[in-house]
Amino acid sequence: MGQQRIRMGLFGAATALGVVLVLLVLRPQVDPIRRAVSILMGRANPAEAGANFSAGGTNAVAKGERSRLADDLNSPGGDVRTDLRLVNRIFIAYRQALHTGNPVGENAEITAALTGRNKIAFAFIPADNPAINSKGELCDRWGMPYFFHQLSGEKMEIRSAGPDRRLWTDDDEVLTP
């Protein structure tokens with residue numbers, strides 16, 4: 001009976017130690033998620049979102065809270081270069097939050113991932129954003145779908161057709177990170 005208590009005590013201590021070790025190992029993975037969520041909510045610039053997040057801080061997303069990152073996309077006060085930078089920031093936030101590369105596929109597939117069809121079910125761009133057309137494609141300020149060209153797992157070239165609404169012409173605007 002005494003040996004059984006000793007074994008149970010050792011088992012309990014080993015379990016507690018295992019939980020502590022797991023928490024210590026996983027703790028560094030929490031801060032990048034908090035940074036990405038903060039960027040998504042428009043509370044931080046990706047370049048400024050350092051490691052200054054405290055555990056239990058105010059940067060967690062409340063249930064039902066919307067990403068505000070795409071709110072200024074195609075706004076009358078902006079321009080196409082600003083729009084391209086905003087879309088790039090959304091890709092950065094996606095990569096940071098999901099710990100993966102950019103979404104892949106055609107525009108509609110990429111937009112689907114950005115609007116919540118991803119492994120964390122978070123809409124980086126709300127599905128009702130006016131920049132998304134009836135086919136589910138993310139569009140530039142002239143209503144034309146962006147052309148996304150995957151350069152690598154973490155680099156996405158973003159192309160707007162420009163005012164003539166035709167890709168591959170002289171007035172196209174391109175952001176290559």
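Points to keep in mind about this one:
- The stretch 88-109 residues that are at negative phi, paired with ones that are of a type in the set (F, W, Y) and assigned to a loop (DSSP other than H, G, I, E, B) (beta carbon under 8 Å, 6 or more apart): I90/F124; A93/F124; Y94/F124; A97/F122; A97/F124; N107/Y146
- Just one of the listed residues (V87, V80, V20) is at pLDDT below 95 and out of contact with any Gly (no Cβ under 6 Å at 6 or more places or on another chain), and it is V20.
- Counting the residues of the stretch 91-105 that are closer than 12 Å to F124 by Cα and touching a strand residue (DSSP E or B) at 6+ places or on another chain (Cβ under 8 Å) gives 1.
- A121 being free of Cβ contacts under 8 Å to residues at least 40 places away in the same chain, on the phi < 0 side of the Ramachandran plot and out of contact with any Gly (no Cβ under 6 Å at 6 or more places or on another chain): no
- Restricting the stretch 152-175 to residues that are under 18 Å from the mean Cα position of the chain (by Cα) and not in a strand (DSSP E or B), the residue that is surrounded by the fewest Cβ atoms within 10 Å (Cβ to Cβ): S152
- So R117, is it within 21 Å of the chain's Cα centre (by Cα) and either at pLDDT 95 or above or not in a loop (DSSP other than H, G, I, E, B) (or both): yes
- Tally of residues being in contact with a helix residue (DSSP H, G or I) (Cβ under 9 Å, 6 or more places away or on another chain) and over 13 Å from M156 (Cβ atoms) across the stretch 72-99: 9
The values are calculated or read from the model by the stated rules, or taken from the named source; none is laboratory data. This is a predicted model, so every value here is computed, not measured. Virtual Cβ from ideal backbone geometry, glycine too; neighbours counted across all protein chains shown.
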